[in-house]
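A quick write-up on the structure given underneath.
The values are calculated or read from the model by the stated rules, or taken from the named source; none is laboratory data. Predicted model, so just to flag it, every value in this text is computed and none were measured. All Cβ positions, glycine included, derive from the backbone under ideal geometry; neighbour counts span all protein chains shown.
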Amino acid sequence: MSSNQGPCPLEPGHRRYLLDLARASIRHGLTTGSPLPVDLADLPSRLKERRATFVTLKKDGALRGCIGCLEALKPLAVDVADNAFSAAFRDPRFPPVTADEIDGLDIHVSLLTPPEPMSFVSERDLIGRLRAGIDGLILQEGPLRGTFLPSVWEALPRPEDFLRQLKLKAGLPEDYWSDTLRISRYQVESIDQA
């Protein structure tokens, strides 16, 4: 593991709270058009820590929305509430979630460790350093940027394919290579419904 690890895993009660908060924020969004406000005053300190998160929604096993932030800008509980709302109503790939869909949504919360820049001398060297199923990647070239969470390894298990598709997501040709290409890796603590 990298030397830039995030905090130790959350307690089961905190994990359950975040899943419930995500669903509540989606319900709140249906009626108000905004994320559920989070009162931090009575929350445990772990839920107030600044953390970067992604919230992924699935319906019948298919992606229904995924929104997140790569930088730890907000308290954890606030970030989850905001990203759940955005995944449900602001993911441009999907129509907004409807009231009859909410109970059938599978909600997945990913807590990201701080990104760690990777050093490599070539594309082959980079591919050899990727850890399938462990690393999430951020690829950046000038103003273009894309990320894949570690869960994407399930669909793209070969490092070559993972990197190629990430380039496409960032708006680059799949065979693109440059000495100015920047790659960072991160890991996630995954929170799923039991």
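Points to keep in mind about this one:
- Considering only residues in region 85-114 that are among the small types (Gly, Ala, Ser) and under 28 Å from residue 50 (Cβ atoms), the one that is farthest from the chain's Cα centre (by Cα) turns out to be 88.
- Residue match in region 31-54 (condition: surrounded by 14 or more Cβ atoms within 10 Å (Cβ to Cβ), of a type outside the set (Asp, Glu) and assigned to a helix (DSSP H, G or I)): yes
Conditions tested, residue by residue: (1) at pLDDT 95 or above; (2) over 20 Å from residue 190 (Cβ atoms).
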site	(1), (2)
55	yes, no
62	no, no
67	yes, no
87	yes, no
102	no, yes
119	yes, yes
125	yes, yes
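- Residue in region 3-21 that is under 30 Å from residue 134 (Cβ atoms), at pLDDT below 95 and surrounded by 17 or more Cβ atoms within 10 Å (Cβ to Cβ) present: yes
- Here residue 129 qualifies as free of Cβ contacts under 8 Å to residues at least 12 places away in the same chain, surrounded by fewer than 21 Cβ atoms within 10 Å (Cβ to Cβ), basic (Lys, Arg) and closer than 13 Å to residue 183 by Cβ.
- The lone exception for residue 161 - which of (1) more than 23 Å from residue 61 (Cβ to Cβ); (2) at pLDDT 95 or above it fails: (1)
- Members of region 98-150 found to be in contact with a Phe, Trp or Tyr (Cβ under 9 Å, 6 or more places away or on another chain) and within 22 Å of residue 16 (Cα to Cα), listed by number: 108, 109, 110, 111, 112, 113, 149, 150
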